[in-house]
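A.B. asks: Below are the structure tokens for one structure; questions will follow.
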Amino acid sequence: MVTQSEKRLKILLISTSVGPLGSGIGGGVELTLHNIAKTLTQRNHEIRIVAPGGSVCGSFPVVEISGELQFTAQGEGRDALIALPKNSVLANMWDYARQVQDRYDVLVNFAYDWLPFYLTPFFPCPIAHLVSMGSLTDAMDQIIGQMAAQFPGTIGVHSRTQAETFSFADHCRVIGNGFDLSLYQFCPEPENVLGWVGRIAPEKGLEDAVAVAQETGIPLKIWGILQEVAYWHDICDQFPDAPVSYEGFLPTAELQHALGKCRALLMTPRWVEAFGNVVIESLACGVPVIAYRRGGPAEIIQDGKTGWLVEPDHIAGLVTAIAQLDQIDRHTCRQQVELDYSLEALGDRLEQWFGELLAGRELVIGGRW
Ligand code: HBI
């Protein structure tokens, strides 16, 4: 008998709605979606990707949907209303999913938006939601919580800390993440430079990393999409003499080559990072991570072994941790990600998730929810 997890599944991956895949606007979700497509394909499942027009996802074909992009959900405040532009690409992507759903065993939602959650009961095909951020607004908390209760086992998150930002943490399934580690070269000997990677936006706390560069005199290289230009200019005005350079938004191959030369990656989030893909990418290159003890990175970094966890928003703590970097063995950083965050590890967790989700569904009379 073929068990559920060994069955070849037909899976539709429905992208985030804030930007085309490959633009960097979708942040970590772009890399996550690509890695999920890779690991599921390696396991012989049949994958299709639906995403906004202009999307590129490695060598995977993408069903490109036209329409106006969604506004980014963070920074809107707890009482933010649910909003959709006219000719919403999100609505158009889900109308496409509605039309083709009978070809698939499961749909996977990557959008942190109200509509896909609301639509769940109207879809005969099971929907697995991979929630990419912690709690941001009351309206989103409510709709995700409603689906978590109505469709147990369908809400996936990246970390326990992220789950705990929601009142329904116990109904969330922690999936972690996984990366194609063959793309990341281990670098044993760093240069005297620190790294910072992320969307340049207030919730990422870049100013603290720049303050560290100013205080220590160690050059800081910054990679990522320049999302909030005014925010970047404020930092430059505040620290005119800090030894920092903005290195642009690089594709993985170039980023890992440059990041690997760093003595450490600084992670200075102001918010609860759901996971922290850049932490894994850094460790995969042998680069220790110094991070605020906040969110997903605090679950990944092994304090004193693969990096240092610092009291949130304490710049002095970051400086102290830098002075202790020689206690970290860069080989240990690479070994940890090979153990817990490879594509294979992610693929195992996804097959278990989908297997249980579909098995649970078959237990319901008539195969419907
Ligand atoms: N905002 N409305 C909305 N929808 C998303 O899917 C979304 C977002 N903001 C950020 C985001 N996704 C991704 O950058 C996550 O990786 C954080």
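A.B. asks: Determine the distance separating the Cα centre of the stretch 201-231 from the Cα centre of the stretch 307-337; give it in Å without decimals.
C.D. replies: Distance between centres, Cα-based: 18 Å.
A.B. asks: Another one. Roughly speaking, to the nearest percent, how much of the stretch 62-216's 1.4 Å accessible area is carbon and sulfur? Spell out each step's value before the answer.
C.D. replies: Working: 3200 of 6220 Å².
Answer for the stretch 62-216 is 51 percent, counting heavy atoms of protein chains only.
A.B. asks: Tell me the per residue accessible area of the chain using a 1.4 Å probe; a whole number in Å² is fine. Don't skip to the end; give the middle numbers.
C.D. replies: Details: 15130 Å² over 369 residues.
That works out to 41 Å² for each residue.
A.B. asks: Show the residues, 5+ positions off or on another chain, whose built amide H is closer than 5 Å to the amide H of SER342.
C.D. replies: Those lying under 5 Å, H to H, from SER342 are PHE179.
A.B. asks: If packing is taken as the average number of other Cβ atoms within 10 Å across a peptide's residues, how do 50-62, 79-91 rank, most packed first? All intermediate terms of the calculation are to be shown ahead of the outcome.
C.D. replies: On the way: 50-62: 17.8, 79-91: 15.1.
Ranked from most to least packed, the peptides come out as 50-62, 79-91.
A.B. asks: Of the listed pairs LYS221/LYS305; LYS10/LYS86; LYS261/LYS305; LYS204/LYS305, which have alpha-carbon separations greater than 29 Å here? Show your work: numbers first, answer last.
C.D. replies: Values: LYS221/LYS305 23 Å; LYS10/LYS86 31 Å; LYS261/LYS305 19 Å; LYS204/LYS305 24 Å.
With Cα atoms farther than 29 Å apart: LYS10/LYS86.
A.B. asks: Could you sort the peptides 63-74, 13-24 by per-residue average Cβ neighbour count (10 Å cutoff), highest mean leading? Present the calculation step by step, with values, prior to reporting the outcome.
C.D. replies: On the way: 63-74: 17.8, 13-24: 23.7.
Answer by packing, highest mean first, reads 13-24, 63-74.
A.B. asks: Using packing as a proxy for protection, rank 219-227, 278-286 so that the peptide with the highest average count of other Cβ atoms within 10 Å comes first. Please report the intermediate quantities before stating the final value.
C.D. replies: Details: 219-227: 19.7, 278-286: 27.0.
For the peptides 219-227, 278-286, the packing ranking is 278-286, 219-227.
A.B. asks: Once you list every other residue whose beta carbon is under 14 Å from the beta carbon of GLY77, what net charge do they have if Lys and Arg are +1 and Asp and Glu are -1? Present the calculation step by step, with values, prior to reporting the outcome.
C.D. replies: Numbers: positive: ARG78; negative: GLU76, ASP79, ASP138, ASP141, GLU203.
My count for the surroundings of GLY77 gives -4.
A.B. asks: Could you pull out the trypsin sites (Lys or Arg not before Pro) across the stretch 1-73 that fall in loop regions by DSSP (anything but H, G, I, E, B) with no more than 14 other Cβ atoms inside 10 Å?
C.D. replies: Values: sites: LYS7, ARG8, LYS10, LYS38, ARG43, ARG48; in loops: LYS7, ARG8, ARG43.
Loop-located and lightly packed - LYS7, ARG8.
A.B. asks: So, one more: Based on a Kirkwood Rh over C-alpha pairs, give the Stokes-Einstein translational diffusion coefficient of the chain at 4 °C and viscosity 1.567 mPa s in µm²/s.
C.D. replies: Rounded to a whole number, D works out at 61 µm²/s.
A.B. asks: Sticking with this structure for a sec: From the helices alone, meaning DSSP H stretches of at least four residues, give me the mean residue ellipticity at 222 nm for the chain, per-run term -39500 (n - 2.57), in deg cm²/dmol to the nearest 500. Could the numbers behind the result be given before it?
C.D. replies: Details: 13 runs with 132 residues, N = 369.
So the helix-based figure for the chain works out to -10500 deg cm²/dmol.
A.B. asks: Take the alpha-carbon centre of the stretch 1-77, take the same for the stretch 81-157, and report the distance between them in whole Å.
C.D. replies: Spelled out, the Cα-based centre of one part sits 14 Å from the other.
A.B. asks: For SER17, list long-range residues whose amide hydrogen, built 1.01 Å from N in the peptide plane, is under 5 Å from its own amide hydrogen.
C.D. replies: Amide H neighbours of SER17: TYR112.
A.B. asks: Right, here's the next one. Please report the orientation-averaged projected area of the stretch 181-340, defined via the convex hull of its C-alpha atoms, in nm².
C.D. replies: Values: hull surface 32.0 nm².
Projected over every direction and averaged, the Cα hull of the stretch 181-340 covers 8.0 nm².
A.B. asks: Across the stretch 260-271, in residue order, what do the Karplus-derived ³J(HN,Hα) couplings come to in whole Hz, using 6.51 cos²θ - 1.76 cosθ + 1.60 with θ = phi - 60° and x for Gly and Pro?
C.D. replies: Per-residue couplings from phi come out as x, 7, 7, 5, 6, 9, 9, 10, 10, x, 8, 10 Hz.
A.B. asks: In addition: From the convex hull of the Cα coordinates of the stretch 188-254, what is the mean projected area in square nanometres? Mind showing how you got there, number by number?
C.D. replies: Details: hull surface 19.3 nm².
So the Cα hull casts an average projection of 4.8 nm².
A.B. asks: Starting at the first residue of the stretch 107-124, write each ³J(HN,Hα) from the Karplus equation 6.51 cos²θ - 1.76 cosθ + 1.60 with θ = phi - 60°, in whole Hz, x for Gly and Pro.
C.D. replies: Karplus-based 3J(HN,Hα) across the stretch 107-124 equals 9, 10, 9, 10, 8, 8, 9, 4, 4, x, 5, 4, 6, 3, x, 8, 9, x Hz.
The values are calculated or read from the model by the stated rules, or taken from the named source; none is laboratory data. None of the values given here were measured: they were computed from a predicted structure. A quick note on method: Cβ atoms are made from the backbone with ideal geometry, for glycine too, and the neighbour counts reach across all protein chains shown. SASA here: full protein model, heavy atoms, side chains in, ligands and nucleic acids out. Shrake-Rupley method; radii C 1.70, N 1.55, O 1.52, S 1.80 Å.
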